[in-house]
Amino acid sequence: MRSRSPLPESPEHREHRERPAKNFSTSITALKAAPDRGRAELIRDVVDAFRRLYGSVLRFVQMFANGQDNGQDSAILSGGMGSHSFNQLLSLLAEHGKTAGFGRFQELRAAIEEARSAEHLRDAIFSDAHSNDPAALRKAAAELARLDATFVGLCVEHVLEQHARAPLALSPEN
């Protein structure tokens, strides 16, 4: 086998190779600009709505766990946001709500079942069909916000009921 000698370098190639780096531009230019700032804001709205929903469910679970003095769950939940999947939190909420004798447990259970689809709503931002459809993104963000409001409302109502019962339990007439 005969070895090939390298091809001689052209003068243009040599000049290009030997040119000092100072002739290169120091700015970075995006090759593909974002097509629409509104789309990015809608995606942010979906992500933020899911984050708020996750936080509301986590606080609801923590409220039940603290009220039940269940050290194991309190220690698990103290790991902070993001340490549990959303579906795990929903399961914990159902378990704690039932154990606590939550007055509106049927409504809570219905909200939990409805919220199980929340991760799919959030994941719409990764779907070409949904992430390029402003109406679909707005709908996903609105649905996540509605679910969040449902959980917040149930939690606040529970807290108010607990505070209303507290004076009755402490009154001298009982």
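The values are calculated or read from the model by the stated rules, or taken from the named source; none is laboratory data. Remember, predicted model here, so these are calculated numbers, not experimental data. Cβ coordinates were reconstructed from backbone atoms using ideal geometry, including for glycine residues, and neighbour counts include every protein chain displayed.
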- May I ask you to list pairs of residues, at least six apart or on different chains, whose Cβ atoms are under 7 Å apart, with the first in the range 103-117 being on the phi < 0 side of the Ramachandran plot and surrounded by 14 or more Cβ atoms within 10 Å (Cβ to Cβ) and the second being part of a helix (DSSP H, G or I) and β-branched (Val, Ile, Thr)? Ala111/Thr150
- Task: Mind listing whichever residues of the range 120-133 are loosely packed, with under 14 Cβ neighbours inside 10 Å and touching a residue at least 12 places away in the same chain (Cβ under 8 Å)?
- Result: Asn132
- Item | Of all residues in the range 86-125 being of a type outside the set (A, V, I, L, M, F, W, C) and modelled with pLDDT under 90, the one that is farthest from Val159 (Cα to Cα) | Asp123
- Message: Condition first: touching a helix residue (DSSP H, G or I) at 6+ places or on another chain (Cβ under 8 Å), modelled with pLDDT of 55 or more and not in a helix (DSSP H, G or I). Now tell me which residues in the range 37-81 satisfy that.
- Response: Gln68
